[in-house]
Amino acid sequence: MNRRKINKLDLMKYLDEYRDADLAKKYLDEVHKIASRPWSIMEICGGQTHSLLKYGIVDLLPNNITLVHGPGCPVCVTPVSAINLAIRLSMRPDTILCSFGDMMRVPGSKESLLAARASGGKVQTVYSPLDAVSIAGLNPDKRVVFFGVGFETTAPANALAILQAYSRGITNFFLLPSMVLVPPAIEALFGDPDTRVDGLLAAGHVCSVMGTMQYESIVKKHQIPIVVTGFEPVDLLLGILTCLRYLENGTAVLDNKYSRVVSHEGNTQAKAMIDEVFEVADQEWRGIGVLNSSGLKIRQKYQQFDARLIDPGVEELPDLQSACIAGQILKGLKKPLECPLFGEICNPQQPKGAPMVSTEGACAAYYNYQHFT
């Protein structure tokens, strides 16, 4: 049998080439050359925010280009009410609460899931909702709840978990859904008179699932350019340069600069799975409020898996006296450094707001990459 020798360079495809310093400098020089007036460009994704700060791109741009950080951090926008419910479920003697690790330290009204576990709550960290299905199969005497947080990228796996439990006849698995959709959030931001955004960098991983077609109506309605881009330095600088070219030319265009991953239609199989299990619903966003048709809820056919039916208890309200400005940061109205709690009172070890907890949170990005510079 012939075996092709693997070239080490093949393993670096789509990584090293998008960290090429010469190409990054070329794009950056072009940005400086054509930026003729002040422009505000929002990156909607928290992962992109971290890359922009990690690689110093924010500081390398001309002074008349402002990057606005949007609400693209799923952990950050998970409402306090959902965290409170997850904590209550974990304290029930008959229930195991499963969650991704990035949700463990996000504060609820009184405590976090990590604190609840220290107090005796049954909270287990997993890497996939399918892990929770397996745990349910091994513990038939317990309710096993997976805390389903995320944007469109996590929805297919959550849907698959329910479909798997359904097909295997596992009746003690439940999903606590707190899934949000990007386009309605963009619509809400652009409809806010306080928002000052001229162009948008769309999140490549979300578009890899949902495609680019959902942004066409936003471009047409609001007459702003939207450029789909990835997460590496060259990706981001090309996205900024492309968006800037459209702004300088006065044209509103949807442009996909992440075509190695994203298509117009998206992942049709994943979208079909989402549509089978979930339907669009109004959703609360932490720090923003309820946005119409911005979330996903479990369809009637699979409602037996909805964890909200286990405990429809009274919602605990968050502390409104906090000086944390997470809501304004998530809306792109303020930067983390403008928060009076940033750095000292609020830090990754003792977070006061969700954007300081998550690896995609803007506050954590500023703390890690700019706080000590």
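The values are calculated or read from the model by the stated rules, or taken from the named source; none is laboratory data. In this text the structure is predicted, and so the values were computed from the model without any measurement. Please note: Cβ atoms are built from the backbone with ideal geometry, for glycine as well, and neighbour counts cover all protein chains shown. Accessible surface areas use protein heavy atoms only, side chains included; no ligands, DNA or RNA. Shrake-Rupley method; radii C 1.70, N 1.55, O 1.52, S 1.80 Å.
Filter segment 269-295 for residues that are free of Cβ contacts under 8 Å to residues at least 24 places away in the same chain and in contact with a Lys or Arg (Cβ under 7 Å, 6 or more places away or on another chain); which is farthest from Pro79 (Cα to Cα)?
Glu279
Under 7 Å between Cβ atoms, at least 6 apart or on separate chains: pull out the pairs that start in segment 193-210 with a residue that is under 15 Å from Phe231 (Cβ atoms) and end on any residue that is polar (S, T, N, Q) and in a helix (DSSP H, G or I).
What qualifies is Leu201/Gln48; Ala203/Gln48.
Taking Ile298 as the residue in question, decide whether it is at pLDDT 95 or above, more than 28 Å from Pro79 (Cβ to Cβ) and within 21 Å of the chain's Cα centre (by Cα).
No.
Results for (1) free of Cβ contacts under 8 Å to residues at least 60 places away in the same chain; (2) closer than 17 Å to Val357 by Cα; (3) touching a Phe, Trp or Tyr at 6+ places or on another chain (Cβ under 8 Å), shown as yes or no for each residue.
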site: Phe100; (1), (2), (3): yes, yes, yes
site: Gly120; (1), (2), (3): yes, no, no
site: Leu130; (1), (2), (3): yes, no, no
site: Val145; (1), (2), (3): no, no, yes
site: Thr153; (1), (2), (3): yes, no, no
site: Asn158; (1), (2), (3): no, no, yes
site: Thr171; (1), (2), (3): no, no, no
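Mind listing just one residue for me: the one in segment 80-101 that is part of a helix (DSSP H, G or I) and either surrounded by fewer than 20 Cβ atoms within 10 Å (Cβ to Cβ) or hydroxyl-bearing (Ser, Thr, Tyr) (or both) and, of those, nearest to the chain's Cα centre (by Cα)?
Filtering first and then ranking leaves Gly101.
Looking at segment 1-76, what helices (runs of 4 or more DSSP H) fall wholly within it and have at least 2 residues that are open to solvent by 80 Å² or more (accessible area, probe 1.4 Å) and either in contact with a Leu (Cβ under 6 Å, 6 or more places away or on another chain) or at pLDDT below 85 (or both)?
The helices (runs of 4 or more DSSP H) meeting that bar are 8-11.
Among (1) out of contact with any strand residue (DSSP E or B) (no Cβ under 8 Å at 6 or more places or on another chain); (2) crowded, with 19+ Cβ neighbours inside 10 Å; (3) under 30 Å from Lys221 (Cα atoms), which single condition is Pro107 missing?
Just one mismatch for Pro107, condition (3).
Please enumerate the residues belonging to segment 281-306 that are surrounded by fewer than 22 Cβ atoms within 10 Å (Cβ to Cβ), touching an Asp or Glu at 6+ places or on another chain (Cβ under 9 Å) and more than 17 Å from Pro71 (Cα to Cα).
Hits for segment 281-306 are Lys297, Arg299, Gln300, Lys301, Tyr302.
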